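The values are calculated or read from the model by the stated rules, or taken from the named source; none is laboratory data. For clarity, every value in this text was computed on a predicted model and none was experimentally measured. Please note: Cβ atoms are built from the backbone with ideal geometry, for glycine as well, and neighbour counts cover all protein chains shown.
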Amino acid sequence: MTKHQGVDFQGIVVSRADYKERDMLVKILTDHYGFKTFFVRGARRRGFKLASAILPFSHGTYFGNVNDEGLSFINGTRELEQYQQIYSDIELNAYAAYILGLAGAAFSNDEPLPAGWFTKIASALSLIDQEFDPAIIANIIEVQLLDVFGVKPYMESCVVCHETQGVFDFSEAYGGLLCQRHWYLDLDRLHLDQRTVYYLRLFSALDLTQLHSIKVKAATKKKLRQTLDTIYTDQVGVYVKAKKFLDQMGSWDQILKEGH
């Protein structure tokens, strides 16, 4: 088992669980080592010096001993911040937990993330903390994770003739976009409106570190949610616990709207 002694790493606290009487197991997404579980001795004792460092959604520079397999160990932090809005807002918290949960399903524990993915996830959480629309940020991550799940749709052009302009629809059977001339090939295509197709294509190539603003109409947001739910159900087969809460929250919002 390879050990990395006294190393610095960027980390985002994903979750934690009590262990024995006074200790904790803390799951952290790290920049160099992927998702790692850290044994934190004495974490449940009053006045524990690293208490703030292991709160969910804490992020910054940690140092410690990281093992390629099994438990790793935190010795301290050099810089530490909290996603304050995420930590204090139940809706933002749920979206952040969903993104981290989806990433956890996409990437194996104890394996380094592919290049750029730590920055992508950290950027998504930062944008949510800045109160960008969390549903849209989650959609962007969902679209871009499809490649990791082995279901990358072809969004650049029509999968048949490679036409890049015109009216398109999404075909699960063909694994991407069909231009209007080839709709006859798949009568079960998703029958999407062009705004939804536009955003799916945009999200597949968008760099979250360069995102300064984005606003999507409610009707299009609903269609994006339905479309991505269909793709994930039919082709990915992954369901994250936090998604159930988000779905329930959407139902509550609809009930409240109908009641007014």
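Just for the stretch 209-225: of the residues that are of a type in the set (S, T, N, Q) and under 16 Å from Gln144 (Cα atoms), which one is surrounded by the most Cβ atoms within 10 Å (Cβ to Cβ)?
Only one residue tops the list, namely Thr209.
State which residue pairs qualify: first residue under 11 Å from Phe245 (Cβ atoms) and in a loop (DSSP other than H, G, I, E, B) and inside the stretch 89-117, second residue modelled with pLDDT of 95 or more and of a type in the set (Gly, Ala, Ser) in any location, beta carbons under 9 Å apart, and separation of 6 or more residues or different chains.
none
In the stretch 69-88, which residue that is among the small types (Gly, Ala, Ser) and either outside the structural domain of Phe35 (by TED's automatic domain parsing) or outside any loop (DSSP other than H, G, I, E, B) (or both) is farthest from the chain's Cα centre (by Cα)?
Per the criteria, the residue is Gly76.
Take the residues in the stretch 1-46 that are over 23 Å from Phe118 (Cβ atoms) and of a type in the set (Asp, Glu); name whichever of them is surrounded by the most Cβ atoms within 10 Å (Cβ to Cβ).
Looking at residues that are over 23 Å from Phe118 (Cβ atoms) and of a type in the set (Asp, Glu), I get Asp23.
Looking at the stretch 226-245, which of the residues that are aliphatic (A, V, I, L, M) and part of a loop (DSSP other than H, G, I, E, B) is surrounded by the most Cβ atoms within 10 Å (Cβ to Cβ)?
So the residue we want is Val240.
Do you know which of the residues in the stretch 47-68 that are within 15 Å of Lys27 (Cβ to Cβ) and touching a residue at least 60 places away in the same chain (Cβ under 8 Å) is surrounded by the fewest Cβ atoms within 10 Å (Cβ to Cβ)?
Across the stretch 47-68, the extreme among qualifying residues is Asn67.
Considering Leu178, Leu206, which residue is surrounded by 11 or more Cβ atoms within 10 Å (Cβ to Cβ), within 29 Å of Asp89 (Cα to Cα), assigned by TED's automatic domain parsing to the domain that holds Ile137 and modelled with pLDDT of 95 or more?
The match here is Leu206.
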